[in-house]
Amino acid sequence: MPKLVFSEDEARRVSAVCERVDALGVSKTWIAAQIGRTRQNVTEVLNATLWSPGTLALIEALVTRLEAEETVATA
């Protein structure tokens, strides 16, 4: 499937959140359940085949919360 052409900022956001998701080791199915989106929608956003600013913002917020919880748990 072809990738979309994003602005520099959009591409950076997608790339950054993908790296953060990979580092946390959570599945796209789990993310979808947490943010109320379909697995397909989450997968397409993370694979840069669909631009959905709302879904991206929800994923970013979820990852930020998970990272904060992980930091507190290890402190």
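The values are calculated or read from the model by the stated rules, or taken from the named source; none is laboratory data. Everything quoted here is computed from the prediction, not taken from an experiment. Heads up, the Cβs are rebuilt from the backbone with ideal geometry, glycines too, and the neighbour counts pull from every protein chain shown.
Summary of values
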| quantity | calculated |
| --- | --- |
| Residue list for region 9-46, filter: without any contact (Cβ under 8 Å) to a residue 12 or more places away in the chain, of a type in the set (Gly, Ala, Ser) and in a helix (DSSP H, G or I) | SER15, ALA16, ALA23, ALA32, ALA33 |
| Any chance GLU67 is acidic (Asp, Glu) and either out of contact with any helix residue (DSSP H, G or I) (no Cβ under 9 Å at 6 or more places or on another chain) or closer than 23 Å to PHE6 by Cβ (or both) | no |
| Some residue of region 48-59 being outside any helix (DSSP H, G or I) and free of Cβ contacts under 8 Å to residues at least 24 places away in the same chain | yes |
| Any hit, region 53-75, residues being small (Gly, Ala, Ser), loosely packed, with under 11 Cβ neighbours inside 10 Å and at pLDDT 95 or above | no |
